[in-house]
1. Anything in the stretch 595-639 that is of a type in the set (Gly, Ala, Ser) and in contact (Cβ under 8 Å) with a residue 60 or more places away in the chain? List them, or say none.
2. Could you list, in sequence order, the residues of the stretch 128-143 that are outside any loop (DSSP other than H, G, I, E, B) and under 20 Å from residue 493 (Cα atoms)?
3. Might you check whether a residue that is under 30 Å from residue 142 (Cβ atoms), in contact with a strand residue (DSSP E or B) (Cβ under 6 Å, 6 or more places away or on another chain) and modelled with pLDDT under 95 occurs anywhere in the stretch 638-656?
4. Residues in the stretch 563-572: is at least one in a helix (DSSP H, G or I) and closer than 30 Å to residue 207 by Cβ?
5. Check whether at least one residue in the stretch 45-62 is at pLDDT 95 or above, of a type in the set (Val, Ile, Thr), in contact with a strand residue (DSSP E or B) (Cβ under 7 Å, 6 or more places away or on another chain) and surrounded by fewer than 24 Cβ atoms within 10 Å (Cβ to Cβ), and report yes or no.
6. Given the conditions (1) surrounded by 17 or more Cβ atoms within 10 Å (Cβ to Cβ); (2) modelled with pLDDT of 90 or more, and given that residue 553 satisfies all but one, which numbered condition is not satisfied?
7. Filter the stretch 384-394 for residues that are crowded, with 22+ Cβ neighbours inside 10 Å and either out of contact with any Asp or Glu (no Cβ under 6 Å at 6 or more places or on another chain) or under 21 Å from residue 351 (Cβ atoms) (or both) and give the result.
8. Those residues that are surrounded by 24 or more Cβ atoms within 10 Å (Cβ to Cβ) and part of a strand (DSSP E or B), I need them from the stretch 169-195; list them, please.
Amino acid sequence: MRLRENGVFYANGAPAEFISGMNKYEGRKRTMAYRILDAHDNHTDPNILHITYDSLTSHDITYVGIIQTARASGMTEFPMPYVLTNCHNTLCAVGGTINEDDHQFALSAAHKYGGIYVPPCMAVIHSYNRECMSGVGRMILGSDSHTRYGALGTMGVGEGGGELAKQLVKRTYDMERPKVVLIYVTGKLRPGVGPQDVALSLVAATYANGYVKNKVMEFVGPGIATLSQDERNGIDVMTTETTCWSSIWQTDAVTEAYYKAHNRPQDYQKLEPEEGAYYDACIELNLSEVECMIALPMHPSYALPIKELKQNPAKYLQEAQDRSNQQLNGNVNMDLVSKIDADGNVHVDQGVIAGCSGGIYENIMTAAAVLKDSDCGNAEFRLSIYPDSMPVYKELVKNGAVADLVSSGAIIREAFCGPCFGAGDTPANGEFSIRHSTRNFPNREGSKPGEGQIAGVALMDARSIAATAKNKGILTAGDEVITEPVQIPAAVFDASIYERRVYNGWGHPEPDYELRFGPNIKDWPEQPVLSEDLLVQNISYITDPVTTTDELIPSGETSSFRSNPLRLAEFTLSRKDPDYVPNAKAVKQLDDARKEGAIDAQLKTVADALKQAGIELDLAATNVGSSIYARKPGDGSAREQAASCQRVLGGSANFADEYATKRYRSNLINWGILPFVTTEASKLENKDWVFLKHIRSSLLEGTPVQAWIIKADGTVTPFAVELGSLEPSEKEILASGCLINYYKG
């Protein structure tokens, strides 16, 4: 794989450094991404895109909050198809609340507002959208970060719930036009190498250096024709882990066959870049050179070839173990080196093939072929497999794959995303799990470091997981077992499965239909409008290289409170900084008392220190809130709770060196949290106060921000902070205090 330093043109079917007579400005208009974005823009601003999507999609961790936000903002019906799937909080009760209450809320909302309701266990969110909602040239916005349908010619974008709420009240998705990176694909995968191997290679090459951050990855080249549609989908869904904004692939006869097989031939058209298209960067991806990969804990970018790990397991497992334990801050220790036996083999305790990346038809069929007439053994190792939809499940039954897998000792489960976010197949303490799923972030497997439990998760392709299962838990690469291409019968899509169970109310809202509320479904608490000045206390200081959204608000069992903002907020930063919630509440109490005219002595001390420095602070007219500092927060999930939980506890600002993803920064904005960046983080310490003078005016007028740090000893120090680029609507949302206030106002 080669990452080019400079931009390229696309000419004669290949990247070229320069084309005589062609300029970059015109060339950018010839990419597939430009044409799709242009078709969805309202063309009111030459510099900013204002996008309306073709459809929306959410699952049962996010849709309640989105619909509640849209209701509070004036929504009366869904203005475009909105798919509500139930593939995350599928289990009836996790953490003490009844998840089925939310499912019934979604069904009632689909009736009332004209939505599409996919019942629990029918399909994981992205599989249903691939099968039923994709279309060449379309755009789909989802409240899940892995909203990626580029391999089907559809630009999928994963964002926080606020962006979907905007679409539901007929507003646009606003952003500067993204840069586009050419992924030029050549070669052909060797037997035993699968889509996850390609994906992990891409993530390893691009994540840390930010090569495709917030850009569009555009897949073009002769190698694409050698990939099946399932292989393309499996690669594409993992592009989220590169931190790109979206993806798009050229389409061909393979794509056309997929649409025909899913009874939607009209949704296909040929899509490819025009001659002379210009790309801001280029990755040359030779499929023939891709190895069987493993991403060691605790990030998909920590990937290396399995054969390298097996050649020196002590080195690589020790490095991964040390890195993980540093990230865990000494709260609990991960032990990976003990998984090496006297013969130098690496032993694995669990294998999982699941979700939108792993549970795909061809992945499971190949695993079944590897395990046919074999067994996983009756020791510690066990294997669980989650088909990604019921139509796929039916084909696996018809083709005998389920029988072969069950006979080998594997457990077949339903369409459920649990293993991807910590609510299914949780390993025992100290175990090592290999998974064909999307992430191996800390706690994504469901462990509880605060209670002394930790497990290690590595990402691998289904082929290597099956090979490891065949070897009864001894780590084995897929190409060690699969030496010839596996012949897989084409799948037949049975649309009647969905026709009989999915409620499709699109275009037929029932305004008088009563929403069904469970006792754990609560409205969003009111949020204050931004005052002219702002005083915040920084109550968490995180120096990790990257802070994931799972660390900001843990996934797994905590998400059972996803529909109750205040109860969910109790888990904010619980695994990274257990003192955050009580400290946030303490600051909020100061502000609540201030509003009643009772100024605490601590606030008076801050005001006196500022006065001594010649800076006036009118506490009666100044909101008091809390803030956090993190070097690079927001990698991972699109869940808006990473911001909303901070906000309902009184959070008013974040300070960061940079933000890991656009979607996390957007979540902060939509919840009224000022997303500051700074180059002077070394000046700030935990429990310092930060005073932001005329912040409302600075925000709205675009003038420099005036900020000072107030230390416990009364020292006042200037603090250089900026808000970065903000669209006019984003400025108004922040000034209003949150998206709901903005639409109410």
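The values are calculated or read from the model by the stated rules, or taken from the named source; none is laboratory data. The shown structure was predicted, so the numbers you read here are calculated from the model rather than taken from an experiment. No Cβ is skipped: glycine too gets one built from the backbone with ideal geometry, and neighbour counts run over all protein chains shown.
1. Those that are of a type in the set (Gly, Ala, Ser) and in contact (Cβ under 8 Å) with a residue 60 or more places away in the chain: 609, 613, 621, 625, 626, 627, 630, 634, 636, 637, 638.
2. Going through the stretch 128-143, the residues outside any loop (DSSP other than H, G, I, E, B) turn out to be 128-132, 139-142.
Those that are outside any loop (DSSP other than H, G, I, E, B) and under 20 Å from residue 493 (Cα atoms): 128, 129, 130, 131, 132.
3. Checked against the condition, which is being under 30 Å from residue 142 (Cβ atoms), in contact with a strand residue (DSSP E or B) (Cβ under 6 Å, 6 or more places away or on another chain) and modelled with pLDDT under 95, the stretch 638-656 yields at least one hit.
4. Step one: filter the stretch 563-572 for residues in a helix (DSSP H, G or I), giving 565-569.
Subsequent filtering for residues that are closer than 30 Å to residue 207 by Cβ retains 568-569.
Yes: one or more hits.
5. Yes, there is a match, as at least one residue in the stretch 45-62 is at pLDDT 95 or above, of a type in the set (Val, Ile, Thr), in contact with a strand residue (DSSP E or B) (Cβ under 7 Å, 6 or more places away or on another chain) and surrounded by fewer than 24 Cβ atoms within 10 Å (Cβ to Cβ).
6. The one condition residue 553 does not meet is (2).
7. Listed by number, the residues that qualify are 385, 386, 387, 388, 389, 392, 393.
8. Across the stretch 169-195, the qualifying residues are 180, 181, 182, 183, 184, 185.
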